[in-house]
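J.: Pasting a structure below so you can have a look.
We did not get these values from a lab; they are worked out from the coordinates using the rules stated. This structure is a prediction, so every number in the text was calculated from the model and none was measured. Glycine gets a Cβ as well: all are built from the backbone with ideal geometry, and neighbour counts include every protein chain shown.
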């Protein structure tokens, strides 16, 4: 196994981490759009409480991906940057707007001011748009339609990222983010003993999950003609993973149906990991089919080895810290340094924050 | 606007915006750590109130820093694909390490900002250490990548291909010690004087209580330690350029002609069309003395370089002088503050002129950072990787760069306005109520 392949596998792990953590942050922003009516305030509080401590750390997985990609596969990164200039720029604007809008609305002194409402809408809209364009860009890569003639690449005005396949995958990215977030939010609401909200997000998770499944099936069908390399891979090398993805999807739905919230959370994380895994496996050995392979885009192996060592050292520092962060705010396991107090409810926490 | 100019303008605007938040991201966590430490060990409510208030501002500032930093990491590819293909291969390591440092910072920031009521006071305070340490490390790594652009190292070009890459050598290139120290100190200077300016402004408006005095004191302490070191470091930087980047030094000092016993041109406009620095105060042999300690030494002028390899001295010289003036002003204010402080038997001076000077030194210290970056970036032109890749050859072929520049500029304006409003709101909101563990009804918990 070449060092480039090891590095790519680690990057893929980063991609999965970004999808299940950052993707859920996008999803929470999408559900913020639906936070209307009598339950609106409680929903917003739940979303703020869920995102607050973790969204910045979740977001760093994207930086990890970008930096990893240009260090390990510099030429592939350059090609993607040119070819996907438009969807990536739009996604970047979305990332920036949702991050800052979240802060502007959460830290607003007057939560009912029109500007706060406006920022809240910006947060939702950007959360909706970003995964769409990221998904469409990913589909453009997988479809093999990025035109590289004689090593020259042009910005793609939309021939690769606005195909029916790319649009379907973009939409699927939205519904996947939404279902991830709905599952997490139902766990958080359940842990806060707010069963009304837990029920609400459980139902939403089921609906979003069903939409993801339909769009996934549609994407699979379209890939036959629009992303032939992907289709080939999905039916051969990646077939067991594809089947596992479908089964885990069904299991997630069952867990939700029987209100096994924590189990559903684990299953939907697995589901996302298998989904992205099947994509990676099926387009192996290409990074950008059908021209750019792991082999011909990889940096000098010695450089990759040094990068792998530093990634290893970095992970030794990051992973325990990340586990600590999540055990303080998200997991039921006891963590050192945590003061044993009575459980906070969503409204208490937000009151403290606004004081 | 031509594509190259649009791309440079967008990159420059993005850096100018982000750098403010990066500087605060390095400096503010250290202030937080010290203030909370003092609060815990002296059982002092005022320090705790300061830490709480700064944490609230930090939460907002760091989030904007994180998103504006994301813009930059994308722009490296979106605007400069040829550059990142080269730089990514050679100097990806510090970028990756910076990513990890940023990761740690974000994780502990989440614990710190949202953990006030979840974590024990001591565990909470301990969470502030990884934040400022990784902030410091981030600055070091990312500036080492910029240093590499100034003095590229750790690779060989054979038949037009980059080979024999040594990422460690690239990271530890000749400029690294000079640039990284200068930038890290700049972060502490700017944060120190920036925070001090806020409290000095409050005192000018008649607020003289313990809260304002302590806030001012700690911030000025940071400033006064950092600013003399910064001036020494700046001097070392300039002298390093004599051999490493003579064209940049020539542009900084407005030296058009190679000269023995070169004069020092203070102020004025370095006009490239006439080859003269007009309206400048000239100190004969000053530059030769400053740069080499030898009044007769020869300093390379811009004429030693082919016209296509010369940076434009006008912005470089003016930015350089502006930076130096801001730095010395901050030094003067800091010394005056502490002189009066000890003269008045350890009471915070409340002289109106001094307070006004402190208010001014805050924005000037941030201006110095901006100008310093203009010196190093404009001074490296026309190269993006000095001697290897020209800026014009690094720009993307993607269309609509004008539109992209326009959109991002609008975003920055919008963010700046919203952020200013929000921070003013935070500053005006009532101070947080603080209960110290020692003053509560459980005295045995104080030692926990």
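J.: Using only the Cα atoms of the stretch B:157-306, build the gyration tensor, take square roots of its eigenvalues as a ≥ b ≥ c, and label the shape rounded, prolate or oblate: rounded if a/c is under 1.5, else prolate if a/b is larger than b/c, else oblate. Spell out each step's value before the answer.
T.: Details: a/c = 2.76, a/b = 1.51, b/c = 1.83.
It is oblate, given that a/c is not under 1.5 and a/b is not larger than b/c.
J.: Between 0 and 90 degrees, rounded to the nearest ten: what's the tilt of helix B:176-204 against the longest Cα principal axis of chain B?
T.: Roughly 40 degrees, rounded to the nearest 10.
J.: Between B:193, B:320, B:305, where does the largest GNM mean-square fluctuation fall for chain B, given springs only between Cα atoms within less than 10 Å?
T.: Checking each option, the largest mean-square fluctuation is seen for B:305.
J.: When you look at the Cβ of every residue in B:411-420, what mean number of other chain Cβ atoms sits within 10 Å?
T.: 3
J.: Moving on to the next point. Could you tell me how many degrees, from 0 to 90 and to the nearest 10, lie between the Cα long axis of helix A:23-33 and the main elongation axis, the longest principal axis, of the Cα atoms of chain A?
T.: Tilt relative to chain A: about 50 degrees.
J.: Still on this structure: Averaged across A:168-177, how many Cβ atoms of other chains sit within 10 Å of each residue's Cβ atom? Let's see the in-between values first.
T.: Details: counts 0, 0, 0, 0, 0, 0, 0, 0, 0, 0.
Average per residue, whole number: 0.
J.: Between helix B:45-78 and chain B, what is the angle of the helix's C-alpha long axis to the longest principal axis, kept within 0 to 90° and rounded to the nearest 10?
T.: Helix B:45-78 and the main axis of chain B meet at about 30 degrees.
J.: Right, here's the next one. Separation of the stretch B:125-152 and the stretch A:1-54 by C-alpha centroid, Å?
T.: 27 Å
J.: Between residue A:258 and residue A:9, what is the FRET efficiency for a Förster distance of 45 Å, r being their Cβ-Cβ separation, to the nearest 0.05?
T.: Numbers: r = 34 Å, r/R0 = 0.77.
Efficiency, rounded to the nearest 0.05: 0.85.
J.: Further question: Set the Förster radius R0 to 22 Å, insert the Cβ-Cβ distance between residue A:193 and residue A:327 as r into 1/(1 + (r/R0)^6), and round the FRET efficiency to 0.05. Walk me through the numbers on the way to the answer.
T.: Details: r = 20 Å, r/R0 = 0.91.
Computed FRET efficiency for residue A:193 and residue A:327 comes out at 0.65.
J.: For the protein assembly as shown, what is the mean residue ellipticity at 222 nm derived from helices alone (per DSSP H run of n ≥ 4: -39500 (n - 2.57); sum divided by total residues; nearest 500 deg cm²/dmol)?
T.: On the way: 29 runs with 582 residues, N = 803.
That comes out to -25000 deg cm²/dmol.
J.: Here's a follow-up. Roughly how crowded by other chains is peptide B:425-432, in terms of the mean Cβ count from those chains within 10 Å of each of its Cβ atoms?
T.: 2
J.: Bins of 20 Å, beginning at zero and ending with the bin holding the largest distance: percent of Cα pairs per bin for the protein assembly as shown, please.
T.: Histogramming the protein assembly as shown at 20 Å steps yields 15, 47, 31, 6, 0 percent.
J.: Can you check what the Kirkwood hydrodynamic radius comes to for the stretch A:254-331, Cα pairs only, in Å to one decimal? Spell out each step's value before the answer.
T.: Values: mean 1/r = 0.0619 Å⁻¹.
Its Kirkwood hydrodynamic radius stands at 16.1 Å.
J.: Additional query: For labels at residue A:308 and residue B:225 in the simple 7 Å Cα→Cβ model, what's the distance in nm?
T.: It is 4.2 nm.
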